[in-house]
Structures are given as structure tokens and as C-alpha cells.
Amino acid sequence: MSVATLRQGTLEFLQTALRHLLVEQSSSRSSINDECSFVAMLLDALERVFTFGLVKPGIFFDSASDDVWPVFESLDRLSWAKPVLEEIKSLPLDDANNKEKSRSFIRITLNRHILGDCCQAIVQDTTTLHKYYTIESILRREDDRSIFVQLVHYSLQGIEFQLRPTTKIMKSPSSLSLSSSTITNNNNNISSSGAATAVVSVSPAPKMKSKAGSSTSTPRKGKSIVTLDTPSSSSSSSGSFISSSSSTTSTTTKTTASPKLSLSSTSSSSSPTS
């Protein structure tokens, strides 16, 4: 299984989590808190994206890592992000536990509706990207990171969060699936040279029918487009994900009470930043 397939699956996981949350808020018409069963899925999906291809810089060579805190900490140069970092320092967290601080950062930025701005600032900081991420990471692939930033910006804008900043992330419920797939992402398989192996286990999603059809339109080259439609809880819609492949195809998944998230990437393979 190629790294490109694993990148696509990770983004699909995030797309599925967002779709579930949009339906949840549409039906409940209230803020999303830790009691929502899909919150854990979203936090897990975001963490997977941020740690995909992450490395720990070393003197002689870089090693695989799941510690994204130094990346978040690099945002202290921004006046609007600094209060978040200051708030995390005031929380009863172990200073040596960077994973918990990273999870708190994601939760607080979701509450404040600035996670999308943080993502945009990170992908624009080439120094940080080259220091902490391999060329195969989602955040260094132009098309993949464009899809990620647009997903976070446009989808999360419609969700009101009231999450506890220090609660540990729980594993996603086993009943939830990622577009008929459950992905195991092991960053130890991603080296600084870009070589990787992927482990993907596939299980059918409950009560879901899908049909494949060819794309009826050709977007402009080099652009990634996200369209979002959030209907009422009683309506039905579909989500489609168009991957970067040699031929542009689309898969439409029909799900009851799901909002419409449509992604398209026109490049035959996403290109890394220089």
C-alpha cells in the first residue's frame, strides 16, 4: 500500500468525522461537547493529520515522531495564537507530556474557532514544515494540505464547540468507519527519506450503499475545491471524495442524514513544497 493511499485515507477519515458532527449539530441544534460520541473521532482524525510524516530532528538523522507540540509552539510568534499557548501553560498538565499539551491545543482552538487559522499559518511556515515533516507528509504535499486546510476552515466554521481542554482523547467508537475503511497509521513507517509502508484494514460501513461514477466536470488544473452543504436533519445527502490519481474519478456515498462534503483534486499526484 502506497503512502499516497494512506494520505488519502487519513483525509477521508477527517471528512467522515466532520460529516457526522455536522449532522449531529444540525439535528440537536446545540453546541458540540465531550458527550458527543463523534468528538473523539474528530480529535483522532486531526491528530492523525498533524502527526502524519512527523519527525524529531536529530544531530545525525531524523527519527519518526508523534510529538506535534513543537509545531504548535512555533505559533507563539502570532499575537492571536499566543493566548492559547499561555492558557495551556496554566492548565494542570505535565510539562513533559507534550502529547497532552498538543491535544489541549486542538481542543482550545476548536472552541475559539481558530484551528483553521492555525493550520493556515503552519502550512505557510516553510521553515517549520521542512524541520519537522518529511516530504511524504500531508502538510508538505501541496494538494493534500490544501484539501486539509479547506476542510478545517469551511466545515468547522459551522460547528460550535464547548470542549473541556484537559480531557484525554478517547478512541473512536468501533462502530464508526472511515468511508468503509479503518486506517492504522504508523509514523514509524515513514522515514525522513520518504520511504514508507502502510497498514490498512477495510471493513464495510453499516447501512451504507455506494456507487461509482465518472466525474462530469473538470476543475481547473492545480486547484482543490471543497463545497459544503448542510441540510436539515431530516434530509439526505451525500459526500464524495475525489482523489489525486492518474484519471479523475469520483465516488459518491449515499448516507441517510449526512451533509454534503465534496472534495476534488485535479493534479495527477500531489506535489511537495520545495
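For this structure, a couple of remarks:
- Test: residue in the stretch 12-23 that is of a type in the set (A, V, I, L, M), within 20 Å of Cys119 (Cβ to Cβ), more than 10 Å from the chain's Cα centre (by Cα) and part of a helix (DSSP H, G or I): yes
- Selection within the stretch 72-105 - closer than 19 Å to Cys119 by Cβ, of a type outside the set (Ser, Thr, Tyr) and not in a helix (DSSP H, G or I): Leu78, Trp80, Ala81
- Ser2 open to solvent by 40 Å² or more (accessible area, probe 1.4 Å), under 23 Å from Ser146 (Cα atoms) and among the polar types (S, T, N, Q): yes
- Test result for Leu42, out of contact with any Gly (no Cβ under 7 Å at 6 or more places or on another chain) and not small (Gly, Ala, Ser): yes
- Test: residue in the stretch 60-71 that is at pLDDT 95 or above, farther than 24 Å from Phe161 by Cα and in a helix (DSSP H, G or I): yes
- Within the stretch 57-81, residues that are surrounded by fewer than 17 Cβ atoms within 10 Å (Cβ to Cβ) reach partners that are among the acidic types (Asp, Glu) with beta carbons closer than 8 Å, at six or more positions or on different chains, in the pairs Trp80/Asp117.
- Qualifying positions in the stretch 121-148 - assigned to a helix (DSSP H, G or I) and either farther than 22 Å from Ser65 by Cβ or open to solvent by less than 10 Å² (accessible area, probe 1.4 Å) (or both): Ile122, Leu129, Ile138, Leu139, Glu142, Asp143, Ser146, Ile147, Phe148
The values are calculated or read from the model by the stated rules, or taken from the named source; none is laboratory data. Since the structure is predicted, the reported quantities are computational estimates derived from the model, not experimental observations. No Cβ is skipped: glycine too gets one built from the backbone with ideal geometry, and neighbour counts run over all protein chains shown. Just the protein is used for accessible areas: all its heavy atoms, side chains included, with ligands, DNA and RNA removed. Shrake-Rupley method; radii C 1.70, N 1.55, O 1.52, S 1.80 Å.
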